[in-house]
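This report refers to the structure that appears directly beneath it.
The values are calculated or read from the model by the stated rules, or taken from the named source; none is laboratory data. Just so you know, these numbers come straight off a predicted model, no measurement behind them. Note that each Cβ is placed from the backbone with ideal geometry, even for glycine, and that neighbours are counted across all protein chains shown. All accessible areas refer to the heavy atoms of the entire protein, side chains included, with ligands and DNA or RNA removed. Shrake-Rupley method; radii C 1.70, N 1.55, O 1.52, S 1.80 Å.
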Amino acid sequence: MNKIAVILTVSVLSCIAGEYKPLSGADKKALVDNYNAVKEAVTEKNYASILKFAPDMIIKFESVLMDPECKRQRPLYVEIEAILDYVRYAIGIDSLNYEAGLYLKKNDIESALVTYDKILSALNKNDSDNIPKFRKKFDSLVVIAEKKQSMATYSILTSLTHINRESLKGCRYEMSDQFDEKIAQLSASMNPDRLYQFKKNYPDVKPEMVTELIDRARVAMRQSLLRQPSISGYLHYKELFGDDKLIRDALKNRCFSMAFAVQTPDPLPVKDFVTVFPEEEQKIWKEFEDSLYKKWNAKPSEISAQSYLKLFPQGRYSQIIFEGSAAKKPQERDTSRIVKTEK
């Protein structure tokens, strides 16, 4: 174990509790020793030791921030924190740069560009001095990617934060025939999912025309659902375009129609509707109960009475139906005393 690791290890092993406690003379000396060790580790790019030990050092000596007797040591502590942040950042940059290199070995220009885009974002926040070096790599790869004139590649280029938007205009012009053909296909199919995906992948390609096609697809999808509503269709529509009260009402009516389409009403379609709209549960079941009662009241029968009483044994109309069914039940005739007579 080298000298730096030894000093840092001793520091960690002597770590104190996380509450405020003034630093002793020995603690102050230990802080200075640890600071010198961290500085030497940075010089030698011994980042692994810093990552391993510096976090515990920061916890150990955090009282220095409040101790009025530690004015001279406080800047050292703050610098240790800054060094740890820098090391974490530097290792992240090195890792991304290595990753980009692997992509380039595979001739995966697009993935390398995405990685360099991340590096430039990190450099803008922490290390502007290194921007020109990585910017040069990034721009050279953009030129190569634009020459491909591939729609998939163009989609990646438009997603990059540090791309020069003006440079994309020429690429977009060169690819205009491809985009026109694709938009014509989308116009013919009027598939809203594909239209939305196109808009997401190519936000700067004829946006007004694509938006108009999406609106036409919405209207067509809405009309279809109003004619033949379904839960899956409604959920798909809502995901794309948001809620629509008319479709919701049409779906509710459809579920009620399905529930009463059989001789013995089936509550399952209504349960499915309530699963999608739990906030309307009480209201929907009240309407369903009303419908069952109306069905019985319109044409009283043993089947309609049992259909209601089975689902709502303590319902609002249970007593009415029970008494009504009993009153309407035909009386059994006693024929044992009937005497046949001859004319």
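Filtered by the rule that a residue be open to solvent by 30 Å² or more (accessible area, probe 1.4 Å) and in contact with a Ser or Thr (Cβ under 9 Å, 6 or more places away or on another chain), region 53-99 gives Asp56, Leu96, Asn97, Glu99.
Among the conditions (1) within 24 Å of Met151 (Cα to Cα); (2) open to solvent by less than 80 Å² (accessible area, probe 1.4 Å); (3) charged (D, E, K, R), Glu208 misses just one, which is (2).
If you go through region 245-267, how many residues are under 23 Å from Ala298 (Cβ atoms) and either out of contact with any Phe, Trp or Tyr (no Cβ under 9 Å at 6 or more places or on another chain) or in a helix (DSSP H, G or I) (or both)? So that I can check it myself, show each step before the final result.
We begin by selecting, within region 245-267, every residue under 23 Å from Ala298 (Cβ atoms); these are 252-267.
From what is left, the residues that are either out of contact with any Phe, Trp or Tyr (no Cβ under 9 Å at 6 or more places or on another chain) or in a helix (DSSP H, G or I) (or both) are 252-264.
Of the residues in region 245-267, 13 are under 23 Å from Ala298 (Cβ atoms) and either out of contact with any Phe, Trp or Tyr (no Cβ under 9 Å at 6 or more places or on another chain) or in a helix (DSSP H, G or I) (or both).
Applying the condition of being surrounded by 15 or more Cβ atoms within 10 Å (Cβ to Cβ) and of a type in the set (A, V, I, L, M) to region 125-143 and asking which residue is farthest from Ser167 (Cα to Cα) yields Ile131. Among the numbered conditions (1) at pLDDT 95 or above; (2) open to solvent by less than 90 Å² (accessible area, probe 1.4 Å), the only one that Ala261 does not meet is (1).
If you take the residues of region 124-162 that are over 30 Å from the mean Cα position of the chain (by Cα) and of a type in the set (S, T, N, Q), which of them is modelled with the lowest pLDDT? Here the answer is Ser128. Note on region 231-270: residues that are within 29 Å of the chain's Cα centre (by Cα), closer than 24 Å to Leu311 by Cβ and hydroxyl-bearing (Ser, Thr, Tyr) total 0. Being open to solvent by 70 Å² or more (accessible area, probe 1.4 Å) and either modelled with pLDDT of 95 or more or touching a His at 6+ places or on another chain (Cβ under 9 Å) (or both) is a description that does not apply to Lys169. Taking region 121-199 and the helices (runs of 4 or more DSSP H) fully enclosed by it, the elements with 3 or more residues that are hydroxyl-bearing (Ser, Thr, Tyr) and under 15 Å from Glu110 (Cβ atoms) are at 151-159.
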